[in-house]
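Notes for the one structure printed next.
The values are calculated or read from the model by the stated rules, or taken from the named source; none is laboratory data. All values reported here derive from a predicted model rather than from experimental measurement. Here Cβ is always computed from backbone atoms with ideal geometry, including for glycine, and neighbour counts include all displayed protein chains.
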Amino acid sequence: MTLYISAAKLTHQKEGDVVNVTVTVEVFHNVSKDAAGRPLGFDGYQQGHPVVKVFEFSMEANEGTEPVRFAETAFQIGNELHELSTDYYRRRLRSLSVGDLVKIGLLWLSCEPVGWQPITDHTPNDITATHQGEHGTQPWRS
């Protein structure tokens, strides 16, 4: 598989010659702010910006599934365009926006003004474990 997905996140189901897997997709809000407390994430994700995991969901896939499909589904969920949107907004979360991240196994993708950008030169600054929550961003606790 070329999805950069860790084996621990996979559940295999064989149908004919195609192996389907269940993939866990994680959604992270960018919570970076400038000195005046204004959000910086809407200008796009930058290395060092702190991110907080706010949601996760499972999706069926196979070796032909492109990573952007997972990210687009996350975007639909975080913008009231998917059946899981109710679960997302029940957590009192803001919409998934430019500067936010989606993680599929080991692959991180940044939401851009148009499309998604893989993050390949660093590991994002995940502060979920210590973040206390704020308006529109509530840490995922599993």
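When only residues in segment 43-67 that are modelled with pLDDT of 95 or more, of a type outside the set (S, T, Y) and touching a Gly at 6+ places or on another chain (Cβ under 9 Å) count, which is nearest to D121 (Cα to Cα)? Only one residue fits best here, namely Q46. In segment 68-82, the residues that are charged (D, E, K, R) form Cβ pairs under 8 Å with partners that are modelled with pLDDT of 95 or more and part of a loop (DSSP other than H, G, I, E, B), at six or more places apart or across chains, as follows: E80/S95. Filtering T120, T65, T137 for residues that are hydroxyl-bearing (S, T, Y), over 13 Å from E26 (Cα atoms) and exposed (fewer than 14 other Cβ atoms within 10 Å of the Cβ) leaves a single hit, T120. Note on segment 16-48: among residues that are charged (D, E, K, R) and surrounded by 12 or more Cβ atoms within 10 Å (Cβ to Cβ), the one that is nearest to G78 (Cα to Cα) is E26. For segment 68-104, filtered to residues that are charged (D, E, K, R) and more than 11 Å from the chain's Cα centre (by Cα), the residue that is nearest to N125 (Cα to Cα) is R94.
Selection of first residues in segment 103-121 that are of a type in the set (S, T, Y) and of second residues that are modelled with pLDDT of 95 or more and in a loop (DSSP other than H, G, I, E, B), restricted to Cβ pairs under 6 Å at least 6 apart or on distinct chains, gives the following pairs, ordered by first then second residue: S110/Y45.
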